[in-house]
Each structure stands twice: as structure tokens, then as C-alpha cells.
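The values are calculated or read from the model by the stated rules, or taken from the named source; none is laboratory data. Just so it is clear, the model here is predicted, and its values are computed rather than measured. Virtual Cβ from ideal backbone geometry, glycine too; neighbours counted across all protein chains shown. Ligands, DNA and RNA are excluded from the accessible area calculation, which covers all protein heavy atoms including side chains. Shrake-Rupley method; radii C 1.70, N 1.55, O 1.52, S 1.80 Å.
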Amino acid sequence: MKPGLLLKILGAVLLAGFLAGCTQLIEGAGRESQPLSLQTVSELNAMGSSPGAAMMVRIYKESSELEVWKRVADGTFKLFKTYPICTFSGKLGPKIFEGDRQSPEGFYTVTRGMLNPRSQLYLSFNIGFPNKFDRAYGRTGSNIMVHGACSSRGCYAMTDKQVAEIYALARESFNGGNRSFQVQIYPFRMTPENLARFYDSPNLAYWQNLKTGYDYFELTKKPPIWDVCNKEYVFDAKSRSGQPLDASAACPPLVRNAGLLAQMKARESADKAVFAVTVASIKQSAAQKQMDAERQAANQQALKERRSEERRVGKECRSRLSPYH
């Protein structure tokens, strides 16, 4: 084979591998520019989306999952892919202060400038903690990221391969003309049954507030427009005066979509009923377990006392039968 032809064939093979996304990640300079694989682009097209379409991220702590959602032709968002989170630090609940090694929860907005192509943890993007809500409570922290390297001290860590794809999806969404994407972070999937499991948690009211935003997305399949007043998240709401909302002040009269608000209230009412029934069931189960445990302890004590009495009686009988008595 001629050397020139051999070089052309090798070049074609290398180019095909590069365009396909190269299962081997690019290290060092250029890693932020590695393209989406042909398979990923094909999957986006198959669901009616594209690399340049808007995206949204949802994170669930308890199940350690990060979801990427993409906008489709009718303007709604569909789930594109679920990535297992390699690790995050802390427990369920919000981040409170710098250095608490706690990963945050809430609603955040990521812009192009928050991408970090020179991250020491392969690639990363800053989620924007603390946001308006966090600042209203005086919460502190910085450089809270979604990044690679599978190591966390307050961030959400992915494998390098995962973060390379998520980063590329974000980059292409920005290249498509989108100015930002929303990140929603929850302790778990915000069902009334899951909330009922934590009915006595000090975070319950906070999680119920997050659930409102969760429900807006479930109903509309569009990222909810959020703001903060009265130290609470509010969704699909603007002040009637047109003035910006003060996060720490009482909420002023708000303008909302009446039809959507009615749907939300109906959903909230139904979920409250499920929550109440589930909590009652959990309490009854806990009470029954307590009764069973007390009954078992009483039976064990009675058995212990009976055996002790049997040993005592047996000893007396042997003593009477002794030839020395």
C-alpha cells in the first residue's frame, strides 16, 4: 500500500473516532472543546431536540442522580439522560456555611461564564451558590461545582467521562443562543410519600417550599421562573408594582397565571391528603413496632425469671434428696 494512501486511511479513522466523541478523553488543553459523540447527537435528534436546544439539570441527593433535560419542538422539556453521581458530601438538607462540607439544595441559574474549562477536577461549572434565597438566610459558601474527579467537599462530583458530556451539553446549549440553564437540587424526588418519611425533620417546611417548584415543572414541563420574598421561594410570580422582590421582606401583591395557579392548588390539596395518610400510617407502624418490642422484652424478661425460678426449685429438690439431709 502506498504511504500516502495509508496516511489518508489512518487520518480518516482518527477523524471518525474524534467526531464520535473518542471514548478516550482529551486531557489537558482542548478538553473543554471535545465534541458530543455522534451517538449523543443522534439520541438528541431522536427525542426531537438538538445540541443547541435549551437544557435543565435536576439533582437528587438520596438516589445520587443527575438528570439532564432538553427542550423539544413544542417548548417543553424531556428527560435526555440520567447520570449516577459519583459522590457528594454531607447529608440531606441545605448548605448553611462555608466549610460545613454540605452540598446545597435549591434553585440555581448557570450562565456561560460559570463554566470552568481549566478546572483542576477535569471540567466543571459553578452552580451559583449562594443564590438570592441562601443570602436571605445568611448562608455562606463559594465555588460549589458540578465537576469531575469523583471527589467532593461540598460539590457534586461526577466521573471525568460524565462531566465531559454534561459540560459539552451545556456548552452547545450556550452556543445555540441560550443565555443560561436552571439547576434544581432536591433531597429526593418530591412526592408526598417521600416527604412523609421526614415528617418530623426540621427541614420539612423548606422541602415543602422546594416541592412547589418541583410541582410547577411536573405540571408544565418547563423550568419554573423563581424568585424570593418573605424568605421563601415563589414561582411563576411577579410583583404587581413591577418592582423587584425583596428576599427578606413580606411578599407584596403578586401577579400569577390564574389557570396554572388553580392546577397547583388542586395538586397541593391532593398531595396534602396523601401526606397526612402516609404520616398516619408511618406513626401507626412505629407505634406497633414499639408495642411489639415492649412485648418481646416483657416475654424475654418473663422467660428469664421462669428459668431462674426453675433452677431454684431444682436446686431445692436435689438438696432434699441428698443422703446428708
| query | Just one of Gln243, Gln284, Gln263 is touching a residue at least 12 places away in the same chain (Cβ under 8 Å) and open to solvent by 80 Å² or more (accessible area, probe 1.4 Å); which is it? | reply | Gln263
| Pairs, please: C-beta under 6 Å, at least 6 apart or cross-chain, first residue touching a residue at least 60 places away in the same chain (Cβ under 8 Å) and in the stretch 188-208, second acidic (Asp, Glu)? | Phe188/Glu62; Pro192/Asp271
| note | Scanning the stretch 27-46 residue by residue, those surrounded by 13 or more Cβ atoms within 10 Å (Cβ to Cβ), touching a residue at least 12 places away in the same chain (Cβ under 8 Å) and among the aliphatic types (A, V, I, L, M) turn out to be Leu36, Leu44
| message | Given the criteria over 24 Å from Gly113 (Cβ atoms), touching a Phe, Trp or Tyr at 6+ places or on another chain (Cβ under 6 Å) and open to solvent by 50 Å² or more (accessible area, probe 1.4 Å), does Lys221 qualify? | response | yes
| Looking only at the stretch 129-176, which residues are under 12 Å from Cys86 (Cβ atoms) and among the charged types (D, E, K, R)? | Asp160, Lys161
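Residue-by-condition table, conditions (1) at pLDDT 90 or above; (2) of a type outside the set (Gly, Ala, Ser); (3) within 30 Å of Leu210 (Cβ to Cβ):
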residue	(1), (2), (3)
Met1	no, yes, no
Ala16	no, no, no
Thr23	no, yes, no
Gln39	yes, yes, no
Lys61	yes, yes, yes
Glu65	yes, yes, yes
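Having 1 or more residues that are surrounded by 22 or more Cβ atoms within 10 Å (Cβ to Cβ) and without any contact (Cβ under 8 Å) to a residue 40 or more places away in the chain is the bar; report the strands (runs of 3 or more DSSP E) wholly within the stretch 68-176 that clear it. Working first, answer last.
Values: elements: 77-84, 106-111, 124-126, 145-147.
Counting at least 1 such residues, we get 145-147.
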| query | Within the stretch 66-106, which residues are touching a Leu at 6+ places or on another chain (Cβ under 8 Å) and within 18 Å of Asn203 (Cβ to Cβ)? | reply | Glu105, Gly106
| task | Filter the stretch 177-218 for residues that are charged (D, E, K, R) and open to solvent by less than 20 Å² (accessible area, probe 1.4 Å) and give the result. | result | Lys211, Asp215
| query | In this structure, is Ser248 modelled with pLDDT of 95 or more and open to solvent by 60 Å² or more (accessible area, probe 1.4 Å)? | reply | yes
